[in-house]
Amino acid sequence: MPHPRTMCSFLPLLFTILLISVHHGNAFALFGGVKLTAASRSTSHDITFGIRAGSSSSAENDNTAIAPTSTDDYNVTDKDLEILANELAHCPDGVIDTHLHIASWFDNGEELAAGLEENNVSIGMLYNPYPKVAMPFDINERVHSIASSSNGRVFCLASLNTTHDNWEDHKEFELNRLVTYLHKDESVLGVKLAPPHTCLKLNSIVVDDIIETIHEKGGDKKVLAIHIGTTPFCGPIGKMFNLTCLCSEEFVDPRLLERHVKKYPDITFALLHSGHEFLPPSDDCYHDFKYAHECISMAKQYPNVYLSMSAIFAQNPDGSLKYPGGAELVKKMKDAGVAHKVFWGSDQSFIKESIKPALIVAIKAMIDAGYSQEERTWALNGCARKVFGIPKK
């Protein structure tokens, strides 16, 4: 039986070297000459890496001009487009998508930025975790090459390989890798970790070392964006490919970071997904939104903790939500008084056309939850600028 960390690290390899094409609502993947068929059109989560499979179309230069969207496309209606147009009119600095991953439809920053403009997004944040096995490219190099070729429209986060069986043997190299890319240039704004996907325990010495390094060597980029919550790869999707990710308490509980939050008030902790549930209630690792409540509590308690609305509004092509509970989570953030500490991200870059529908649903959820216009604009732009230090042109 393979070691769990070995199985876990195989997942990003699979999705790195497969070529994904969308056809009749299904994702078809070629891996090592073997055709794999996934049940859903896309999976929006931190583990996917893309290699180009096609070209992107050009976008309008004005991100406030609403591109036509068919009612058969994620069931976006004319009323939805009116709501989006109103938000864009109140967001003069544009919408920032803080949660993007490498995908098959773009090779460089210009293509990614153009695709974002088609979805009425002005600025993007790109990042990916490192897998265990050898890659055809270095993750930091690939992410940075895209961001640095975007003319200031895409920024990125640095990462490192935390999947080594013997961390002490690789610690110096990996931490140096992290620091080197963290200070590569102005397009790199912080650090990204994905514990459930890389089988990284939140209470491990590895996390301790990374956070201490950010504190000591992060300079003005002391931001840790970290996946908090489960992942569908711990459930049916992982089983579909006979793969393993880990979603038990030690991989998803934000309170395991609390000692670091207290010790390092100079580090900003961005809790990506805000503890949302991406597994069905029947799953052994379904936590019934326990950790979403903990994320909100920590954001309320600590000045250096922020929350994201990423992936919680991922949709099927018919517009139905893949993972229930997003609107309720956004309302709980508002009711808890932490609306000023919430930023939006799509986590939908795997299918370009799905970014705008996710944005619209997030806006509607904020409206329904009672967010003021100022709070919505802050979630779509201002909060991300504050958390990640995104400059204004």
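The residue pairs whose first member lies in region 311-337 and is among the β-branched types (Val, Ile, Thr), whose second member is assigned to a strand (DSSP E or B), and whose beta carbons are closer than 7 Å, counting only pairs six or more residues apart or on different chains, are Val330/Met309. For region 352-378: of the residues being more than 15 Å from Leu321 (Cβ to Cβ) and among the hydroxyl-bearing types (Ser, Thr, Tyr), which is surrounded by the fewest Cβ atoms within 10 Å (Cβ to Cβ)? Filtering region 352-378 for residues that are more than 15 Å from Leu321 (Cβ to Cβ) and among the hydroxyl-bearing types (Ser, Thr, Tyr), the one surrounded by the fewest Cβ atoms within 10 Å (Cβ to Cβ) comes out as Ser372.
Residue by residue, here is whether (1) open to solvent by 50 Å² or more (accessible area, probe 1.4 Å); (2) among the basic types (Lys, Arg); (3) under 21 Å from Pro195 (Cα atoms) holds:
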site: Glu110; (1), (2), (3): yes, no, no
site: Ala114; (1), (2), (3): no, no, no
site: Gly124; (1), (2), (3): no, no, no
site: Asp138; (1), (2), (3): no, no, yes
site: Ile146; (1), (2), (3): no, no, no
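State which residue is modelled with the lowest pLDDT when the search covers only region 350-383 and only residues that are among the aliphatic types (A, V, I, L, M) and under 25 Å from Asp107 (Cα atoms). Talk me through it step by step, then tell me what you get.
Our first condition is that a residue be among the aliphatic types (A, V, I, L, M); within region 350-383, this holds for 351, 355, 358-363, 365-367, 369, 379-380.
Subset that is under 25 Å from Asp107 (Cα atoms): 351, 355, 358-359.
On the way: Ile351: 94, Ile355: 97, Ala358: 97, Leu359: 98.
Selected residue: Ile351.
Does region 324-337 hold any residues that are outside any helix (DSSP H, G or I) and under 13 Å from Val361 (Cα atoms), and which are they? If you could, list the steps in order and put the result at the bottom.
Our first condition is that a residue be outside any helix (DSSP H, G or I); within region 324-337, this holds for 324-325, 336-337.
Correct list: Pro324, Gly325.
Among the residues making up region 338-366, those that are in a helix (DSSP H, G or I), touching a residue at least 60 places away in the same chain (Cβ under 8 Å) and touching a helix residue (DSSP H, G or I) at 6+ places or on another chain (Cβ under 6 Å) are Lys352, Ile360, Ile363. The one condition from (1) of a type outside the set (A, V, I, L, M, F, W, C); (2) surrounded by fewer than 15 Cβ atoms within 10 Å (Cβ to Cβ); (3) in contact (Cβ under 8 Å) with a residue 12 or more places away in the chain that Thr198 does not meet is (2).
Of the residues Tyr264, Tyr291, which single one is surrounded by fewer than 23 Cβ atoms within 10 Å (Cβ to Cβ) and modelled with pLDDT of 95 or more? Spell out how you get there, then give the answer.
Values: Tyr291 fails: surrounded by fewer than 23 Cβ atoms within 10 Å (Cβ to Cβ).
Just a single option satisfies the conditions, and that option is Tyr264.
Rundown of residues vs (1) modelled with pLDDT of 95 or more; (2) open to solvent by 10 Å² or more (accessible area, probe 1.4 Å); (3) more than 22 Å from the chain's Cα centre (by Cα), yes/no style:
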residue	(1), (2), (3)
Asp165	no, yes, yes
Glu168	yes, yes, yes
Phe173	yes, yes, yes
Tyr181	yes, yes, no
Lys184	yes, yes, no
Leu193	yes, no, no
Asn203	yes, yes, no
Ile210	yes, no, no
Lys217	yes, yes, yes
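Taken over region 205-242, the criterion of being outside any helix (DSSP H, G or I), in contact with a helix residue (DSSP H, G or I) (Cβ under 9 Å, 6 or more places away or on another chain), touching a residue at least 12 places away in the same chain (Cβ under 8 Å) and farther than 17 Å from Tyr127 by Cβ is satisfied by Gly219, Thr230, Phe241.
The values are calculated or read from the model by the stated rules, or taken from the named source; none is laboratory data. Since the structure is predicted, the reported quantities are computational estimates derived from the model, not experimental observations. Reconstructed Cβ throughout: ideal geometry from the backbone, glycine too, with neighbour counts over all protein chains shown. The protein model used for the area step is the full one, side chains on, heavy atoms only, and it has no ligands, DNA or RNA in it. Shrake-Rupley method; radii C 1.70, N 1.55, O 1.52, S 1.80 Å.
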